[in-house]
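Below: the structure, in structure tokens.
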Amino acid sequence: MPASLTFLSAGHESPTNVLSLIAGTVAFSMMTANMILATRPPLLEQWLGGLDRVYALHKTLGIGVILTVLLHSQVEVEQSSGVLPPGSIGETAAEVAELVLYPFLALLLISGIKRLPKLPFEIPYGLWRWSHRLMGVAFLALAFHQLFVKAPFRPNDLISQWLIAMALIGALAFLLSQVAPFLRRRAYRISEVEALPGATRIVAEPMRRKIRARAGQFAFLSIRKSGLREPHPFTLSAVYPDGRIEFSIRPSGDFTRRVQARAAVGDRISVEGGYGRFTPQKGGANQIWIAGGIGITPFLAAADALGEETSKNIVLIHSVRGPKDAVGAERLKSIAAKHETFDYYLHDSQIQGRLTGDKVQGLLPFDLRDAGIWFCGPVALRKALLAQFRSSGKKPNSIHFEKFEFR
């Protein structure tokens, strides 16, 4: 749309000018789209199939912004009547873009690169989060540039109206993205902390209003203690009828290790959620739940949510590397004992070898082709299993997973 409108208004310009103008209007439009996605709009989450897909689109658009901004800045504009002539506000708008360009690209790179290639260094989550906040400030500066730089667009041209709308919508979305999390957060108090071999189990009770969450969803958690205030996403391992919620957090990074060391009963926490569309309870009659390591957490909540009588045939396979990773094993065994149509298998790869497609099929009381797979765990395991299913000629009728990677 912005490319077409730009060409309609500036198609008479030289090819390099048209290319630069189109790159600029497309880049600015994608920036606005990303500002909207950053507000975590529920309707878009529903349309795209979950917040993980929203973030994936957000990241893809960010890469597109880098490419189009570079194209816009590097294609030399041939000065002609109506294109960037000297002028007070036009010159200021051009200078603003020059000042913001490289810091903006640096922020985009920080946002898009989690780890530096071939180096055991990961960009800290706090730096990544602040880069996103500064991105909004950069957007406002570029909105000023886009609105006031001299270009061959008349005020009543559709592209001019489009850019004004993009600037206003993007600015409002940026402000909303800064305010909305505070409005959506709910205050909880930790009522239980249990240090399990492979995870820290935290149960929290609402202090006032509770979050709206279903089994299988995740929430952003922050603990009101030094070093634990940054919101991080974790799957809810239980959603209790009385409003209490449970997290089972594996200590695999700096933040999660601090949670293990410092979280205590009585601590106040902020919770925002629930998010995601990983809800096996909405699946078909035959389901295969496959978890790898701490990927068992959504299935813990989903298994808890099974009614006394369920018409679904469910096989849960939890692949672990030793007993310490078998989070919730006793709980799941107890649930399996109560439900004839719910089977739970613990697969210890240190003893039984890698979980394979043939091993999965050997545990099923139904045909794989008549079942849906719900997967949560390492990407490599998911891809390997699906490739083995395809090679065996037995492909499941549906596959569900979340891209639980938000940066």
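The values are calculated or read from the model by the stated rules, or taken from the named source; none is laboratory data. What you are looking at is a predicted structure, and each value in this text was computed from that prediction instead of being measured. Here the Cβ positions follow ideal geometry from the backbone for every residue, glycine too, while neighbour counts run over all protein chains shown. The protein model used for the area step is the full one, side chains on, heavy atoms only, and it has no ligands, DNA or RNA in it. Shrake-Rupley method; radii C 1.70, N 1.55, O 1.52, S 1.80 Å.
Which helices pass in the chain if a helix is a full DSSP H run, must span at least 30 angstrom along its long axis by Cα, and must have mean Kyte-Doolittle hydropathy not below 1.6? Qualifying helices: 158-184. Taking every protein chain into account, the accessible area of the chain amounts to 50 square angstrom per residue (probe 1.4 Å). State the percentage of accessible surface on the chain attributable to carbon and sulfur atoms; use a 1.4 Å probe and exclude ligands, DNA and RNA. Carbon with sulfur: 59 percent of the solvent-accessible area. In terms of accessible area, using a 1.4 Å probe and ignoring ligands and nucleic acids, LYS312, LYS282, LYS383 rank largest first as LYS282, LYS383, LYS312. Under the combined filter of DSSP loop state and at most 14 neighbouring Cβ atoms within 10 Å, the range 202-246 retains these trypsin sites (Lys or Arg not before Pro): ARG208, ARG209, ARG212, ARG224, ARG229. The shape of the range 254-356 comes out oblate: with a ≥ b ≥ c from the C-alpha gyration tensor, a/c is at least 1.5 while a/b does not beat b/c.
Using θ = phi - 60° in the Karplus curve 6.51 cos²θ - 1.76 cosθ + 1.60, the 3J(HN,Hα) couplings for the range 319-324 round to 8, 10, 10, x, x, 5 Hz; x is entered for Gly and Pro.
Treating r as the C-beta distance of ARG354 and SER4 and R0 as 56 Å, the FRET efficiency rounds to 0.65. With contacts taken as Cα pairs under 8 Å and at least 6 residues apart, the chain reaches a relative contact order of 14 percent.
Sequence-ordered 3J(HN,Hα) estimates for the range 347-359 from the Karplus curve with 6.51, -1.76 and 1.60 and θ = phi - 60° stand at 10, 8, 5, 5, 9, 9, x, 5, 5, 10, x, 5, 5 Hz, glycine and proline given as x. Residues whose amide H comes within less than 5 Å of that of ASN313, counting only those at least five positions distant or on another chain, are ASN286, GLN287 (H built at 1.01 Å from N in the peptide plane).
Rounded, prolate or oblate: which one fits the range 173-265, using the alpha carbon gyration tensor with axes a ≥ b ≥ c (rounded when a/c is under 1.5, else prolate when a/b beats b/c, else oblate)?
Judged from the Cα gyration tensor, the range 173-265 comes out oblate (a/c at least 1.5, b/c at or above a/b).
Its Cα centre serving as origin, the chain has a Cβ charge dipole (Lys and Arg +1, Asp and Glu -1) of approximately 1080 debye. For TYR344, the amide hydrogen comes within under 5 Å of the amide hydrogens of LEU316, counting only partners 5 or more places away or on other chains and with H modelled in the peptide plane.
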